[in-house]
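Please treat every number below as a calculation from the coordinates, not as lab data. Every value quoted in this text rests on a predicted model; they were computed, and no experiment measured them. Heads up, the Cβs are rebuilt from the backbone with ideal geometry, glycines too, and the neighbour counts pull from every protein chain shown.
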Amino acid sequence: MDFRSDNTAGAHPAILEALARANRGTASAYGEDPVSARLAQRFNELFEREVAVFPVATGTAANALSLALYTPPWGAVYCHPHAHIQVSECGAPEAFSAGAKLVSVQAGPLYSLGKLDADAVARAIHREGAVHAVQPAAVSISQPSEVGTLYTPAETAQLAELARRHGMVLHVDGARFANALVALAASPAELTWKAGVDVLSFGGTKNGCLAAEAVVLFQPERARELAFRRKRAGHLLSKQRFVAAQLEAYLEDELWLVNARHANAMAHALADGFSALGVRVLGPVATNQVFAELSPCASATLRASGFQFYDWPTLGPEARRFVTAFDSRKADVDALLEELAGLRAAH
Ligand SMILES: Cc1ncc(COP(=O)(O)O)c(C=O)c1O
């Protein structure tokens, strides 16, 4: 009964079957295989325009490569202080860009929702044009954010406009892109290039793949440079067909959307259950993450009964994070709520 992360989930059987299919016979190496060629075409269809897609094995690589492509060593990347690139990537974006600076934007009306807004980013831009300071290069947002909230296409477009005004690009960390897509009932194009996004880290691993992410470039003319950067970063996989096969199966028959809808629905069921029991849910639940306030005693009892979840001190001393995934079981959600109801009755 694991609610720690969507990274603790296994891989979806359809993904494993696709891997078995890709395993038949030989295929050209380093992305020259037929599955990778089909995937390139599939991404063009998905985004309703020509894009360049670069499969990689981790989200950190996708983010760090995306940002390095557009950020010189003296560049600034504006992000939320809790952004994955800021707190969970061990300096990879800085390393891949040979020293760019990630600037946390800790202000604005959307800050407490884990999001950036254009005015707050504009205020954080410092000494533009002065040789003494890092220079605006990119704005990076996570869609959904690290607390599961969403950027509307209009909010994204405002950030893109601001980015343009200062010669920056807009990067989206879409480690949970499918969860955002189904929650917003928008198309991949509407959430990205139509709203001014230049580059997307497209996630698959958390939502049913076993190690499949991709950089999606909406300026395909930058593809040649990214090809060299990916190789140099050690993410040009010799047997890329196996990553491409995962992503192909992920998109087939809308598996990615079905999986994301399920994960989001399980999070809503959990949040509704918490509210019904009088447990305070922290912030809006929009995708597959629920933050709730539980006393140390209630948390310890739940954990002793086999429920796993993380403490989330950035949201408060009694904040806990519950993440659902494509394979979360309604029975586990119900069991957790039942246990909690029992606890409440006993007090
Ligand atoms: C918002 C976000 N971005 C990116 C990632 C990708 O990280 P990894 O390098 O572990 O695949 C994660 C995974 O936890 C994430 O939550």
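Taking the criterion of being away from the ligand (no atom under 16 Å from the Cβ) and either assigned to a helix (DSSP H, G or I) or closer than 22 Å to Asp332 by Cβ (or both), the residues of the range 3-34 that qualify are His12, Pro13, Ala14, Leu16, Glu17, Ala18, Leu19, Ala20, Arg21, Ala22, Pro34. Taking every residue in the range 163-187 that is within 24 Å of Ser88 (Cα to Cα) and pairing it with any residue that is aromatic (Phe, Trp, Tyr), at least 6 positions away or on another chain, the pairs with Cβ-Cβ distances below 6 Å are Val169/Tyr70; Gly174/Phe202; Phe177/Phe202; Ala178/Trp256. Residues that are assigned to a helix (DSSP H, G or I) and either surrounded by fewer than 24 Cβ atoms within 10 Å (Cβ to Cβ) or not charged (D, E, K, R) (or both) do occur in the range 139-153.
Among the residues of the range 124-146, is there at least one that is closer than 30 Å to Phe326 by Cα, hydroxyl-bearing (Ser, Thr, Tyr) and in contact with a Pro (Cβ under 9 Å, 6 or more places away or on another chain)? Within the range 124-146 (the criterion being closer than 30 Å to Phe326 by Cα, hydroxyl-bearing (Ser, Thr, Tyr) and in contact with a Pro (Cβ under 9 Å, 6 or more places away or on another chain)), the answer is yes, since at least one residue qualifies. Scanning the range 108-136 for residues that are assigned to a loop (DSSP other than H, G, I, E, B) and either surrounded by fewer than 18 Cβ atoms within 10 Å (Cβ to Cβ) or among the small types (Gly, Ala, Ser) (or both) yields a count of 11.
For (1) surrounded by 15 or more Cβ atoms within 10 Å (Cβ to Cβ); (2) free of Cβ contacts under 8 Å to residues at least 12 places away in the same chain; (3) within 30 Å of Glu339 (Cα to Cα), each residue gets a yes or a no:
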position: Arg232; (1), (2), (3): no, yes, no
position: Arg241; (1), (2), (3): yes, no, no
position: Gln246; (1), (2), (3): yes, no, no
position: Leu251; (1), (2), (3): yes, no, no
position: Asn264; (1), (2), (3): yes, no, yes
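When the range 36-70 is limited to residues that are hydroxyl-bearing (Ser, Thr, Tyr) and more than 19 Å from the chain's Cα centre (by Cα), the one that is nearest to the ligand (Cβ to nearest atom) turns out to be Tyr70. Being within 21 Å of Leu236 (Cβ to Cβ), surrounded by fewer than 22 Cβ atoms within 10 Å (Cβ to Cβ) and of a type in the set (Lys, Arg) is a property that Arg21 lacks. Across the range 195-243, which residue is farthest from Thr26 (Cα to Cα) among those that are in contact with a strand residue (DSSP E or B) (Cβ under 7 Å, 6 or more places away or on another chain) and hydroxyl-bearing (Ser, Thr, Tyr)? Taking the candidates together, the pick is Ser201.
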